[in-house]
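The values are calculated or read from the model by the stated rules, or taken from the named source; none is laboratory data. Worth saying up front: this structure is predicted, and the values here are computed from it rather than measured. So basically every Cβ, Gly included, is an ideal-geometry build from the backbone, and we count neighbours across all protein chains shown. Note: accessible area is taken over every heavy atom of the protein model, side chains too, but ligands, DNA and RNA are not part of it. Shrake-Rupley method; radii C 1.70, N 1.55, O 1.52, S 1.80 Å.
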Number of protein chains: 2
Amino acid sequence: MMTNEATGAMDESRTEAGTGTLGKAIAVLEAVVTADGPQRFTDILARSGQPRGTLHRLLSHLVEEDLLIQRRDLSYEPGLRLLTLAYRSWSANRFRDVAEPHLQRLHELTGETVHLGILRETEIVYVDKVESRQTVRMSSQIGKASPAYCTGIGKAALSLLGQPQLERVLARTEFHAFTSHTHRSAATLLAEIEEIRRDGHAFDREEHEAEIRCVAAPISIPGGELAAGISVTGPAYRVTMEQLSAWAAPVREVARAIGEEAVIRLGPGRGGP
Amino acid sequence: MMTNEATGAMDESRTEAGTGTLGKAIAVLEAVVTADGPQRFTDILARSGQPRGTLHRLLSHLVEEDLLIQRRDLSYEPGLRLLTLAYRSWSANRFRDVAEPHLQRLHELTGETVHLGILRETEIVYVDKVESRQTVRMSSQIGKASPAYCTGIGKAALSLLGQPQLERVLARTEFHAFTSHTHRSAATLLAEIEEIRRDGHAFDREEHEAEIRCVAAPISIPGGELAAGISVTGPAYRVTMEQLSAWAAPVREVARAIGEEAVIRLGPGRGGP
DNA sequence: AATCAAGTTCCAAATAATGGAACTATACGA
DNA sequence: TCGTATAGTTCCATTATTTGGAACTTGATT
């Protein structure tokens, strides 16, 4: 018989080894943080692929920094330092700060959930959210990453990229069929991105989650060369495609307003090359 | 004349240099994350106290890991990786998961804001929060750290520590007088902690913020040797000390229930020495 | 008591970090 | 326009840390 959770963890995707000393440490940290329960030394050994001696030292350092906690039964869990660091970086995020009242405004107009997300590699990271009734909890999605190719904000953000950069991202994208509407290859996605560039807005037609639709518009963040976007999301039974189409114009308008205010308040950074 | 923000940053508290390679990297990360705006190389140089060459390399590594972003104008900002890591560690936090329905229950009983916090060194880190009307935003406090000596949960958690451990924490505490009710030295605090140990609950009598009171009770987290607590908080005009005293019993009861369920569901870890 | 698995420690070789100083690029002022 | 100050970057010999296989300790199980 094997250990309680070891059997299930055997074939899980290994966290790819980061380069450099810091990279390795963060990779190990991520391996522990992305696992669902406390991880024993052997679990992490399998997930991280590091040699025993090396891993042991890395873990001690992470514990020393309170990025991990070691329990009395020797298993490792995320420490509190991560939460504190994230709190500070989130609450001091100037772009989010600029966007917030606009998101509020859009929520009041539509009555549905409004998201703000930033593109990071092939994923969209949700940075803020406004909704009326907190179904689960308000913050439950902040920091969450979803694939870009099957979400409204993701596709909107992708539409901001130059063609070579876009193709590089799509080459690294794995097209997982979440629903029957999910894009299955780069070909159809590229065609849709053409449309998004023309229209200035993107739809998620139940591509990531069944019964969930949204309309989104892109925003480029000045100074950081970042691609972002906002969306209005709702359940399919309540939000028809006609409704979403009607919201497209205000969503574009709010996105434009955020972008404009961001340029003024955050500065465009030094110009191009 | 000096740089825009350099003058103000000169006398700011320097992030104390972490030990080891990872420690230094995280210390630099923290220096950037705790600053309020984008930090230029020279700003970080002053804040971190690292030599130029070393700092430059550390920053490149942090940018490589997407823990920091470098803007086009060369200044540094927190990257998205931190938020994603924190999201995962928060949403997978089993203790929070156990506590959540209990917090909800306590909120329904009192109608006021309920907090869950964990002691970390001399500070309380807020890990969860339940409130009805999101005045600012629900998640705005998650990950926030406040001094233990002047908050309800903080004092409750301190009361769980053994005397030598407690004295070590207090020795490192700086007693800042936030209001006229704030403890000014370890002496009065120690006396109050005696009472808290006896009563099983703690009050914050406008010690951290004026016009804000709370009643709290301690919980010890099994397996991790952590001290935690919950509290019910409200504005002084609405929540009298009599009201708080009346809530003390239910707060203790909910804390007990969380602790009990945590032992069952999370396991006590291997026993003491 | 013997066996096995999990976790920890050890240490010489390989690698990365260190940090002062020289260098380059950009902004500023005359 | 040309110097001059300031900010940011690169260099490299020295020093410290990391590396990782293997031996060792611990503690549970039979």
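Distant-in-sequence amide contacts of B:GLY224, defined by a placed amide H-H separation under 5 Å and a gap of 5 or more residues or a different chain, comprise A:ARG72. In the stretch B:24-149, Cα pairs under 8 Å separated by at least six residues give a relative contact order of 15 percent.
Rounded to the nearest 500, the 222 nm mean residue ellipticity of chain A from helices alone is -14500 deg cm²/dmol, with -39,500 (n - 2.57) taken per DSSP H run of at least 4 residues.
Report, as an integer, the average count of C-beta atoms from other chains found within 10 Å of each Cβ along A:22-31.
Numbers: counts 13, 3, 1, 5, 10, 1, 0, 3, 5, 0.
Per-residue shielding by partner chains comes out at 4.
Take every pair of alpha-carbon atoms less than 8 Å apart whose residues are at least six positions apart; their mean separation over the length of chain A yields a relative contact order of 14 percent. For the pair A and B, the buried accessible area comes to roughly 6200 Å² in total, with a 1.4 Å probe and the value rounded to the nearest 100.
Give me the inter-chain shielding for A:34-44: mean count of other chain Cβ atoms within 10 Å, whole number please.
Values: counts 5, 2, 4, 3, 7, 0, 0, 0, 0, 0, 0.
The shielding value for this peptide is 2.
Take each peptide in B:98-110, A:29-41, A:117-129, count the other Cβ atoms within 10 Å of every residue, and average; sorted highest first, the result is A:117-129, A:29-41, B:98-110.
Once you have a ≥ b ≥ c as the square roots of the Cα gyration tensor eigenvalues for the stretch A:156-244, tell me rounded if a/c is under 1.5, and otherwise prolate or oblate according to whether a/b is larger than b/c.
It is oblate, given that a/c is not under 1.5 and a/b is not larger than b/c.
State whether the stretch B:45-181 is rounded, prolate or oblate according to the following rule on the C-alpha gyration tensor (a ≥ b ≥ c being the square roots of its eigenvalues): a/c under 1.5 gives rounded; otherwise a/b larger than b/c gives prolate, and the remaining case gives oblate.
Values: a/c = 2.24, a/b = 1.44, b/c = 1.55.
Oblate.
Largest mean-square fluctuation among B:GLU206, B:GLU174, B:GLU64, in a Gaussian network model of chain B whose springs join Cα atoms under 10 Å apart, belongs to B:GLU64.
Multiplying each eigenvalue of the alpha-carbon gyration tensor of chain A by 5 and taking the square root yields semi-axes of 36, 21, 20 Å, largest first, rounded to whole angstroms. Near A:GLY79, the amide H atoms lying under 5 Å from its own belong to A:LEU68, A:ILE69; only residues 5 or more places off or on other chains count, and H is placed 1.01 Å from N. Placing +1 on the Cβ of each Lys and Arg and -1 on the Cβ of each Asp and Glu in the stretch A:53-130, which of A:TRP90, A:VAL127, A:GLY111 has its Cα farthest towards the positive end of the resulting dipole? Towards the positive end, the residue furthest out is A:TRP90. For the protein assembly as shown, with all protein chains in place and a probe radius of 1.4 Å, 50% of the accessible heavy-atom surface sits on carbon or sulfur. With 28 Å as the limit, write out which pairs from A:LYS129/B:LYS24; A:LYS129/B:LYS129; A:LYS144/B:LYS144; A:LYS24/A:LYS144; A:LYS24/B:LYS155; B:LYS24/B:LYS129 have Cα-Cα distances beyond it, or answer none. Long pairs (Cα-Cα over 28 Å): A:LYS129/B:LYS24; A:LYS24/B:LYS155; B:LYS24/B:LYS129. Three principal axis extents describe the C-alpha atoms of the protein assembly as shown; from largest down they are 71, 70, 52 Å.
Of the residues A:THR19, B:THR240, A:THR54, the one with the largest accessible area comes first in the ranking A:THR19, B:THR240, A:THR54, computed with a 1.4 Å probe on protein heavy atoms. For the stretch A:111-261, a/c is less than 1.5, where a ≥ b ≥ c are the root eigenvalues of the C-alpha gyration tensor. That puts it in the rounded class.
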